[in-house]
Amino acid sequence: MRRTGGDLRALAPVLPLVAGAAISVLVALIVGLAVSWGPLSGGADARSSPGTSKERPEAAGPPLPSPAGSPAPIDPPGYSPVKPVIHGSFADPTVIKAAGAYFAYGTNNAVATMPVATATSPTGPWKVLPGDGLARLPTWAMAGRTWAPEVVPPGRGSGSYVLYFSARRRGGDEQCVGVATASSPAGPFIPREGAPLVCPLNLGGAIDPASYIEADGTRYLLYKSDARKTAAIYLVRLSPDGLALAGPAKQIMARHANEPVLVEAPDLVRRGGKYVLFYASGWYFKPNYQTRYAVASSIEGPYQKAAWPLQSTGGYGRKVEGPGSADVLADDGGDYLVFHGIRGYRGGSRVTRSMYVTRLGWDGARPAIRGVPVRYEAERARLNGCVSAPVRPHASGGRAIGPFTHDGCRVDMPVFAPAAGRYSVAARYANGTGYDADLELSVNGSAAASLRLPTTAKPGWASATAMVELAAGWNTVSLRRLAGEGQIDYLELR
């Protein structure tokens, strides 16, 4: 959930914290000069560029697979998709690109109503700016529960950076969505006074605002109704400047019975000719918090939910706990998924959530990310008539392939890589022959590594791993017998 109790383990500012708004003004001036004098790398980022919020031009479609051997993006030392890029409290993150730099915004912590961080690349290193990105709250709001910011760079109909945020309503316990503007991506953002932008009290209020802009410039806002029993995701059209509503809200998604607790934290993109809606389910302060997605042909739905979560504690092998509140950053080199994970439990709903970044690839409208291993059952490979797929007790899919008894016997497994780069391929195998076996592992027709299968006890399974370079998109990983025999249960790409 895009909310906080005000994490006590807040990020320590890089410089001593003085009056937050004053320092934010100074940062804004510096960034403003960069905007004026520094060239934009491809203009405002495709996530929120004019007319294409979080979106490449539709004519471009999903990113094409890179040629084999294409270089992987360069990451800073120590980066990993399962390690936070901001270690302190930085929940419900959203990221934009402006003035050749990246700016991240998070839910309130003990230091700022809206913390802001900056980096020169999506994977960091990230530096939290001193001060506060939100100059003050509007008169309708109370301090302490300012959650889930969403910042949209200047574009069609708007000459300012626009911030959407949720805050607690004075005189009640409900959250409402407000709007603020700034001339710099670092702020300070000045809230618009008057009534909140969205405040459905009959639904328990609203949180988790998310912007979407169609290619023709039509603006929309997504949000979650906050009452637990009726929690759902809504879509409403906005005015051209994004500062007012331009129509009634429509519910586009509710919780399914197989999902934990509720749905929230929406984020909408268009990929593969479809609308892809990311959302979170579960309690934000528990390990069952997870990222899921659904696909539709129309922006208003109906949305078809994927059967399994894209991110979960179990999917990460507990290397990331409670991954959720995901936000898509569309960059020149491809998409990234920005999200938070739980780094510390402090009792009840009080948790410390940190910001993570991982590469995001697309198989049409199906998202795939780095950091979560993907299993490919061996019996679903192209067996080429050289091995069979007999029933095998305790095999992952109930079957395994092999034994590899013929010289040159080769099977081909299509695998999908979210981005070009180096991956580990782990094979779960059995080899009860009493002597080691060797397989050649090739990628897209070129030998890449060898895979030794030491003998295993009967009956028993073991794992052998090799490192390979994959292109972005679909690749063919092949296994060819060099010596010995063995059976393969599955390949796991990580």
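Annotations
- 3J(HN,Hα) from dihedral phi, segment 460-473, Karplus parametrisation 6.51/-1.76/1.60, rounded to Hz, x for glycine, proline: x, 10, 9, 10, 10, 10, 9, 9, 9, 9, 10, 7, 5, x
- In this simple spin-label approximation, K286 and Q304 carry label points 7 Å from Cα along the Cα→Cβ vector, and these lie 3.1 nm apart.
- Helical contribution to [θ] at 222 nm, DSSP H n ≥ 4, -39,500 (n - 2.57), averaged over the chain, rounded to 500: -1000 deg cm²/dmol
- At an R0 of 35 angstrom, the distance between the Cβ atoms of T139 and V374 translates into a FRET efficiency of 0.10.
- Between amide H atoms placed 1.01 Å from N, distances below 5 Å from V263 occur with R255, all of them 5 or more places distant or on a separate chain.
- Between segment 441-494 and segment 293-357, the C-alpha centres lie 30 angstrom from each other.
- Relative to the current alpha-carbon distance between T405 and A244, full extension at 0.36 nm per residue lengthens the span by 51.0 nm.
- Taking amide H as placed 1.01 Å from N in the peptide plane, the amide H of G484 sits under 5 Å from that of D438, each at least 5 places away or on another chain.
- Using the average count of surrounding beta-carbon atoms within 10 Å as a protection proxy, the listed peptides 487-494, 276-283 rank, highest first, as 276-283, 487-494.
- Applying both filters, DSSP loop and at most 15 other Cβ atoms within 10 Å, to the chymotrypsin sites (Phe, Trp or Tyr not before Pro) of segment 367-458 gives Y435.
- Cα gyration tensor, segment 60-209 - rounded (a/c under 1.5), prolate or oblate: prolate
- Length-normalised contact order for the chain - Cα pairs under 8 Å, 6+ apart - percent: 14
- Listed by chain and number, the lysines whose alpha-carbon sits under 25 Å from that of K319, ignoring those within fewer than 8 places in the same chain, are K83, K127, K286.
- Cα gyration tensor, segment 171-234 - rounded (a/c under 1.5), prolate or oblate: oblate
- Stretchable slack from T433 to R346, in nm (0.36 nm times residue separation minus alpha-carbon distance): 26.1 nm
- Computed 3J(HN,Hα) for segment 301-306, one whole-Hz value per residue from the Karplus formula 6.51 cos²θ - 1.76 cosθ + 1.60 where θ = phi - 60°, is x, x, 9, 9, 7, 5, glycine and proline marked x.
- Taking the average, over residues, of other Cβ atoms within 10 Å as the packing measure, peptides 161-173, 96-108 rank 96-108, 161-173 from highest down.
- Proximal aspartates and glutamates to K274, defined as alpha-carbon separation beneath 14 angstrom and excluding residues fewer than eight positions away on the same chain: E55, E58, E214, E300, D363
- Only Lys, Arg (+1) and Asp, Glu (-1) charged, at Cβ; segment 285-435 dipole about Cα centre in debye: 680
- Amide H within-cut-off set for L197, under 5 Å, with H built and near neighbours excluded: V177, G178, V179
- Contact order normalised by residue count of segment 228-339, Cα under 8 Å, 6+ apart, percent: 18
- Phi angles of segment 475-491 translate, via the Karplus equation with coefficients 6.51, -1.76, 1.60 and θ = phi - 60°, into HN-Hα couplings of 10, 10, 9, 10, 10, 10, 5, 9, 7, x, 10, x, 10, 10, 8, 7, 10 Hz per residue; Gly and Pro are given as x.
- Lone cysteines, the chain (no partner Cβ under 4.7 Å): none
- Dividing the convex hull volume of the alpha carbon atoms of the chain by its residue count gives 152 Å³ per residue.
- About the centre of its Cα atoms, segment 374-493 shows a dipole size close to 200 debye [charges on the beta carbon of Lys, Arg (+1) and Asp, Glu (-1) only; nearest 20 debye].
- The angle between the Cα long axis of helix 20-37 and the longest principal axis of the Cα atoms of the chain comes to about 70 degrees, rounded to the nearest 10.
- Tensor-based shape of segment 200-300 (alpha-carbon gyration tensor, a/c under 1.5 rounded, otherwise prolate or oblate): oblate
- Residue exposure sequence - S183, S478 - by fewest surrounding Cβ within 10 Å: S183, S478
- Theoretical FRET efficiency, 1/(1+(r/R0)^6), r = Cβ-Cβ of S396 and S297, R0 41 Å, to 0.05: 0.75
Quick note: the coordinates plus some simple rules give every number you see, no bench work behind them. Given the structure is predicted, the values throughout are model-derived calculations rather than measurements. Note that each Cβ is placed from the backbone with ideal geometry, even for glycine, and that neighbours are counted across all protein chains shown.
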